Amino acid sequence: MSSFSSLDRHRRRDSDRGNGLEGFPGHWRRRRLDPRLDRRGKRHFEDVAAGPAIEREAHELFHLEACKLPQLLELARSGHTRVQELFASAGKAVGQVLSILISTFNPEMIVLGGGVSHAWDVLAPSALETMNLWSQPIAVRQVQIVVSALGEDAGILGAAAAAKHALLQEI
């Protein structure tokens, strides 16, 4: 691993960031942080931290027919402890993914979009704590986490922009 990091550092010396941490895998967690993210159990990131997953988990916990994200957010923001714990668990999963992205790519900024971006204020405490705990220390101090102004439309609008760009390149 150290030879990879050393080669990577020499190759990217002229990059804008210039700290040689891109692709540094030394701070990846070797075993699962959250057993719900176990691929063998078919529990992927989307199964834990996406809006429908949070709604499904709330339905299982509270046995309510209609547990929708806006209502769950309202409960969490008003201090409902069990709902806050639900979002804290999802936030930890978000933080795990952010730490992998940060330690791998050393980005200047990560833009969060999608339906759960509306819940960032509730997810952020546990997400940022987990991200800071497991990310490469220098890289995590330099990254900025922001929520897309496009919210839940960010993914579809980004895909449309990429398709338009590809089409224009062919012309």
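The values are calculated or read from the model by the stated rules, or taken from the named source; none is laboratory data. Quick caveat, the model's predicted, so the values are computed rather than measured. Counting neighbours? That spans all protein chains shown, and the Cβs are built from the backbone with ideal geometry, glycine included.
In the condition set (1) under 30 Å from Ala159 (Cα atoms); (2) charged (D, E, K, R); (3) within 20 Å of the chain's Cα centre (by Cα), Lys68 is compliant with all but (3). Residue count for segment 77-90 under the criterion of being buried (at least 22 other Cβ atoms within 10 Å of the Cβ) and touching a residue at least 40 places away in the same chain (Cβ under 8 Å): the result is 1.
Residues that are in contact with a His (Cβ under 9 Å, 6 or more places away or on another chain) and not in a helix (DSSP H, G or I) were ranked within segment 113-141; the one that is surrounded by the fewest Cβ atoms within 10 Å (Cβ to Cβ) is Gln136. In this structure, His27 does not satisfy being under 18 Å from Ile138 (Cβ atoms), at pLDDT below 50 and surrounded by fewer than 12 Cβ atoms within 10 Å (Cβ to Cβ).
For Ala163, are the conditions met, namely being part of a helix (DSSP H, G or I) and either within 11 Å of the chain's Cα centre (by Cα) or surrounded by 13 or more Cβ atoms within 10 Å (Cβ to Cβ) (or both)?
On the way: part of a helix (DSSP H, G or I): yes; either within 11 Å of the chain's Cα centre (by Cα) or surrounded by 13 or more Cβ atoms within 10 Å (Cβ to Cβ) (or both): no.
No: the conditions fail for Ala163.
Among the listed residues Ile145, Ile171, Ile100, Ile156, identify the single one that is among the β-branched types (Val, Ile, Thr), surrounded by fewer than 15 Cβ atoms within 10 Å (Cβ to Cβ) and within 21 Å of Glu46 (Cα to Cα). Explain how you work it out, then say what you get.
Values: Ile145 fails: surrounded by fewer than 15 Cβ atoms within 10 Å (Cβ to Cβ); Ile171 fails: within 21 Å of Glu46 (Cα to Cα); Ile100 fails: surrounded by fewer than 15 Cβ atoms within 10 Å (Cβ to Cβ).
Exactly one residue qualifies, and that residue is Ile156.
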